[in-house]
Amino acid sequence: MIEIEGITKRYDATTVVDDVSMVIEPRTVCVIVGTSGSGKTTLLRMINRLVEPTAGIIKLDGADNRSVPGYELRRSIGYAIQGHGLFPHRTVAQNIATVPVLLGWDKDRIKARVDELMTLYQLDPQAYGPRYPHELSGGQQQRVGVARALAAEPNVLLMDEPFGALDPIIRTKAQEDLLAIQKRFGTTIILVTHDMEEAVHMGDKIAVMDAGKLVQYAKPAEILANPASSFVETLVGASERPFRLLSLGRVRDAVEIGSAEGEAIPGDASQRDALAELLWSGRPALPVKGTDGKPLGRITVDGLVKRAARPA
Amino acid sequence: MRGAPERPTGEGVNIRFDKLGVVIAAIAAYAGFLAPFATFRANRIVPGQARSILEALPATTAALLLAIIVAAALIALFRTPLVLRLAASVVTLVALALLIGVAGTFLTPAGNTFARVSPASGFWILIFAFTLLLADVLTRLNLSPLARVGVLVVAALAISLLLMSGSWDNLSILKEYFNRADSFWAEGSKHVTLALGSLAAAVIVGLPLGIFCHRVERLRAGVLNVLNIIQTIPSIALFGLLIAPLGWVATHVPGAAALGIRGIGTAPAFVALFLYSLLPVVANTVVGLAGVPRAANDAARGMGMTDRQRLFGVEFPLAFPVILTGIRIVLVQNIGLATIAALIGGGGFGVFVFQGVGQTAMDLVLLGAVPTVALAFAAAIILDAVIEMTATKRRVETA
Ligand SMILES: Nc1ncnc2c1ncn2[C@@H]1O[C@H](COP(=O)(O)OP(=O)(O)OP(=O)(O)O)[C@@H](O)[C@H]1O
Ligand SMILES: [Mg+2]
């Protein structure tokens, strides 16, 4: 659990983060969104004390984060820096091994971990391990940056726009992988993004920042349904709202009794994908199948349209 | 419009000049036909008489040398394949090196030990012109750092071979050498010790000082300014300024005199070279550290490195090529400056230079100057190669 209590950061006269309080439940993903310069990175960096707050306290599992030396704290918290920040003079493998080396893991364990992470991020350890960062594409560099943050299996992971440079296909894959890791290890993740789609998809809760202030902190559905201010509404994107709402739900949860013609859609696809398929194929209904391939029922345009309406 | 496109010559003669080659050919023509090749003197201090190539060498040898020069100049003049240009420059340089020795023997009357023969302007200009051609070819060949050091080693071996073969023994510079062979090596080792020792001291003091200046911003401008001012003090003046304090140390600090610390001699020379070396070392350390990408520093802290780990693991390796550039500047500068040490009895190759100036014996001046230039040249090539090798892996990230 991460408790942020009345945290403020001032540089001279300008207040960059203004009296922010929030609680991030353990084993959840909290996504921070906001315009450029709204203080997202600064807030994130106060958690691992790369930035010392002007006022306020941050507690990790009940303990003040100032109770251990900064460098020790930071070894226990994964950090994927904005714009990857790889060490240009170290190979990809050495970059990923940074924190395990600092923690004094033995060689075999480090090598096994590096290989595991590189394989997970689709970088062949043999081919890419000995390369230097400048020999990678921007997207590959970013994946190495994320792998480096994950290397020591931290309980808390801070990620500053980790997927910005990835193409949509790899980005979706990276998001899924991250969620899988998060589920498996029960990691608490705080992720900064500019991409509302990513925020709604990844976040158990979304924190919206504006000019240093936390203007809303709630579940994605709540943010979509009841934006706290016109700023949040603009950020969410009024014209995108119904579709974002649908993207939160699974087809399985919108199944109606009955049957329909044509290729079946899997039950764990998003409702938004189902609507897109319905509209594109010009049909009123699609059959739905479970993970075992058995028919579950059908999904209809009318049903989805009702679900896309503003919740009461 | 772009330059004329390269296309194979179909019809007619398509002659293209090489830009640098035009200059080289012009210089070579002047030096080969108009400038004196060697100087003859009845003894070591009387004014010399100029001898052209035709006068300085037996007729057939002279013709051969002129033919080689003309051919090589033509190869340089036109756009010719690199291999040909390489061969032309190497053949000409070797021919010049061998034949200047022949000229020495040819011009010295048999049994005369007073007569002196030395290379004259034409010889030096030819050497310069074809070294330029060779350097141009080597640059265009884009040699790897190791290969460049290899070329240096081969050249050094060739020169040692010529020296040992005795084919230059009748040249005046070697006659000067034979008269003081022992002191030549003694002064040589003193010269190298002075240059390297003061460099080592400057690195030992300058690196931490540079790191300190980088960390404490308020000190930076002040320290660099002071070092800058020291750099502008003329060396003679600096020696003068050092005589009093070092003399005082020698008489008042027990043991100092035993260590060789005196107002004149090696100690002030060493201190002066050390002071001149500090600025390049400190300034390049500061610049190198400031050039470390912010993101890399940030990541180092974010991953949980301590300040020390960050300094040695990230900042230092990334700043290393720049720091090494400072060390290269210092080494080349020190090898040259160490000549001045002779002025205050500090020894080194400068001893011959100043003796030669005093006796108006140019050959003796050369005996001090040539090894100094050669050492500086070799140091520059070797350190450039090292810098390039350390820098290739550490290219600055683009993100
Ligand atoms: N060290 C600093 N000194 C002074 N001002 C700073 C410092 N670091 C950040 N700021 C200012 O604080 C504000 C918030 O910066 P921050 O990096 O937290 O924004 P951000 O929300 O992460 O923006 P982006 O989305 O562009 O990354 C900016 O106006 C920035 O100029
Ligand atoms: Mg930011």
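So between B:ALA67 and B:SER144, what do we pick up on full extension, going 0.36 nm a residue minus the alpha carbon distance? Display every interim value, and only then the final one.
On the way: separation 77, 0.36 × 77 = 27.72 nm, distance 3.36 nm.
Length gained, B:ALA67 through B:SER144: 24.4 nm.
With unit charges on the beta carbon (Lys/Arg positive, Asp/Glu negative), name the residue among B:THR139, B:ALA42, B:LEU66 whose Cα is farthest towards the positive pole of the charge dipole of the range B:19-142. The listed residue farthest towards the positive side: B:THR139. Using θ = phi - 60° in the Karplus curve 6.51 cos²θ - 1.76 cosθ + 1.60, the 3J(HN,Hα) couplings for the range A:12-24 round to 6, 8, 8, 8, 8, 10, 10, 6, 8, 10, 6, 10, 10 Hz; x is entered for Gly and Pro. Amide H contacts of A:ILE32: A:LEU191, A:VAL192, A:THR193, A:ALA207, each under 5 Å away and 5 or more positions distant or on a separate chain (H built 1.01 Å from N in the peptide plane; Pro and chain starts excluded).
Solvent exposure of the range B:19-142 amounts to 47 Å² per residue of accessible area, where only protein heavy atoms count and the probe is 1.4 Å. Of the solvent-accessible surface of the range B:11-149, computed with a 1.4 Å probe and all protein chains present, 74% belongs to carbon and sulfur.
Below 8 Å between Cα atoms, with a sequence gap of 6+, how large is the relative contact order for chain B in percent?
Working: 520 pairs, mean separation 62.4, N = 399.
Relative contact order of chain B: 16 percent.
Under a 5 Å amide H cut-off, with hydrogens placed 1.01 Å from N, B:PHE78 pairs with B:ASP18 among residues at least 5 apart or on other chains. Extending 7 Å from the Cα toward the beta-carbon at both A:SER230 and A:LEU279 defines two label points whose distance is 2.7 nm. Measuring r between the beta carbons of A:SER21 and A:GLU263 and using R0 = 35 Å, the FRET efficiency lands at 0.10. Given their separation in residues at 0.36 nm each and the Cα-Cα distance between them, B:ILE125 and B:THR306 gain 59.4 nm when the chain is fully extended.
Starting from the eigenvalues of the Cα gyration tensor, five times each then square-rooted, give me the equivalent ellipsoid semi-axes of the range A:2-236, largest first, whole Å. Spell out each step's value before the answer.
Values: eigenvalues 176, 85, 50 Å².
They are 30, 21, 16 Å, listed largest first.
Against chain A, whose longest principal axis comes from its Cα atoms, helix A:168-185 is set at around 70 degrees. The Cα-based radius of gyration and maximum Cα-Cα distance (Dmax) for the range B:83-148 are 15.9, 50 Å.
Solvent exposure of the range A:243-307 amounts to 59 Å² per residue of accessible area, where only protein heavy atoms count and the probe is 1.4 Å.
Evaluate E = 1/(1 + (r/R0)^6) for A:LEU103 and A:ARG66, where r is the Cβ-Cβ distance and R0 equals 30 Å; express this FRET efficiency to the nearest 0.05. The partial results should precede the final answer.
On the way: r = 21 Å, r/R0 = 0.69.
Result of the calculation: an efficiency of 0.90.
Between the residues B:GLY247, B:PHE212, B:SER235, the greatest Cα displacement towards the positive end of the dipole of the range B:166-248, with unit charges on the Cβ of Lys, Arg, Asp and Glu, is found for B:PHE212. Approximating the spin labels as points 7 Å out from Cα along Cα→Cβ, the A:ASP12-to-B:ILE229 distance works out to 3.1 nm. Over chain A, dividing the summed -39,500 (n - 2.57) contributions of all DSSP H runs of at least 4 residues by the number of residues returns a 222 nm mean residue ellipticity of -10500 deg cm²/dmol. Treating r as the C-beta distance of B:ALA158 and B:ASN179 and R0 as 22 Å, the FRET efficiency rounds to 0.30.
Cβ neighbours within 10 Å, averaged per peptide: list B:283-296, B:178-191, B:245-258 in order, most packed at the top.
Details: B:283-296: 19.4, B:178-191: 15.0, B:245-258: 12.7.
Highest-to-lowest ranking by the protection proxy: B:283-296, B:178-191, B:245-258.
For the range B:278-283, backbone phi angles converted through the Karplus equation (6.51, -1.76, 1.60; θ = phi - 60°) give residue-by-residue couplings of 4, 4, x, 5, 5, 4 Hz, Gly and Pro being listed as x. Going by a 1.4 Å probe on protein heavy atoms, which residues of the range A:99-121 end up with at least 50 Å² less accessible surface in the whole assembly than in their chain alone? Buried on complex formation: A:LEU102.
Just to be sure I understand: if you take the accessible area of chain A alone plus chain B alone and subtract the pair, with a 1.4 Å probe, what total do you get in Å², rounded to 100? Mind dumping the intermediate values first?
Numbers: alone 15130 and 21060 Å², together 34110 Å².
Adding both sides of the contact gives about 2100 Å².
Across peptide B:292-298, how many C-beta atoms of other chains are within 10 Å of each residue C-beta, on average? Could the numbers behind the result be given before it?
Values: counts 2, 5, 2, 9, 8, 2, 7.
Partner-chain Cβ atoms within 10 Å, mean over residues of B:292-298: 5.
Most tightly packed first, judged by the mean number of other beta-carbon atoms within 10 Å of their residues, the peptides B:15-23, B:321-329 read B:321-329, B:15-23. Mean residue ellipticity, 222 nm, helices only, chain B: the sum of -39500 (n - 2.57) across DSSP H runs of n ≥ 4, divided by residue count and rounded to 500, is -24000 deg cm²/dmol.
For the range A:202-276, the carbon plus sulfur part of the accessible surface works out to 51%, probe radius 1.4 Å. Of all segments of chain A bounded by GluC sites (Glu not before Pro) found in a DSSP loop with no more than 11 other C-beta atoms within 10 Å, the longest spans A:1-260. Taking the C-alpha atoms only, the angle from helix A:107-120 to the longest principal axis of chain A is near 30 degrees. In the assembled protein chains, B:LEU331 presents an accessible area of approximately 20 Å² (probe radius 1.4 Å). Net charge of the neighbourhood of A:LYS59, taken over other residues with C-beta under 14 Å away and scored Lys/Arg +1, Asp/Glu -1, is -3.
Note down the magnitude of the dipole of the range A:2-236 about its Cα centre, charges +1 on Lys and Arg C-beta and -1 on Asp and Glu C-beta and zero elsewhere, to the nearest 20 debye.
Details: 25 positive and 29 negative charges, 126 e Å.
My answer is approximately 600 debye.
The label point for B:THR360 and the one for B:PHE78, both projected 7 Å from the Cα toward the Cβ, are 4.9 nm apart.
Between the range B:324-350 and the range A:172-213, what's the alpha-carbon centroid distance in Å? Result: 62 Å between the Cα centres. The alpha carbons of the range B:181-398 occupy a box of 66, 41, 28 Å along the principal axes, longest dimension given first. Placing unit charges on the Cβ atoms only, positive for Lys and Arg and negative for Asp and Glu, gives the range B:181-398 a dipole magnitude near 660 debye about its Cα centre.
Can you send over the carbon and sulfur percentage of the accessible area for the range A:1-65, probe radius 1.4 Å, protein chains only? List each step's numbers first, then the result.
Numbers: 1240 of 2640 Å².
Answer for the range A:1-65: carbon and sulfur cover 47 percent of the accessible area.
The mean number of Cβ atoms from other chains found within 10 Å of a Cβ in peptide B:304-311 is 4, as a whole number. The string of couplings for the range B:169-181 from the Karplus curve (6.51, -1.76, 1.60, θ = phi - 60°) is 4, 8, 7, 4, 4, 6, 5, 4, 5, 4, 5, 9, 4 Hz, one whole number per residue in order, with x for Gly and Pro.
For peptide A:69-80, what's the mean number of Cβ atoms from other chains within 10 Å of each residue's Cβ?
Numbers: counts 2, 3, 9, 2, 1, 6, 3, 1, 3, 2, 6, 2.
If you average over the peptide's residues, the count of other-chain Cβ atoms is 3.
Count the net charge of all other residues whose Cβ sits under 11 Å from the Cβ of A:VAL255, scoring Lys and Arg as +1 and Asp and Glu as -1. Don't skip to the end; give the middle numbers.
Working: positive: A:ARG250, A:ARG252, A:LYS289, A:ARG298; negative: A:ASP253, A:GLU256.
Result for the neighbourhood of A:VAL255: +2.
Other residues whose C-beta falls under 14 angstrom from the C-beta of A:ASP19 contribute a net charge of 0, scoring Lys and Arg +1 and Asp and Glu -1. Put simply, when B:216-224, A:178-186 are sorted by average Cβ atoms within 10 angstrom per residue, most first, you get A:178-186, B:216-224. Among the listed pairs A:LYS40/A:LYS205; A:LYS9/A:LYS40; A:LYS59/A:LYS183; A:LYS183/A:LYS205, those with a Cα-Cα distance over 19 Å are A:LYS59/A:LYS183. The lysines whose alpha-carbon is closer than 24 Å to the alpha-carbon of B:LYS190, local same-chain residues fewer than 8 away aside, are B:LYS175.
About its Cα centre, the protein assembly as shown has a charge dipole of approximately 1100 debye under the convention of +1 per Lys or Arg Cβ and -1 per Asp or Glu Cβ, with nothing else charged.
The values are calculated or read from the model by the stated rules, or taken from the named source; none is laboratory data. Given the structure is predicted, the values throughout are model-derived calculations rather than measurements. Because the Cβ atoms are built from the backbone with ideal geometry, glycine has one as well, and the counts that use them run over all protein chains shown. Remember, those area values only see protein heavy atoms, side chains included, never the ligands or the DNA or RNA. Shrake-Rupley method; radii C 1.70, N 1.55, O 1.52, S 1.80 Å.
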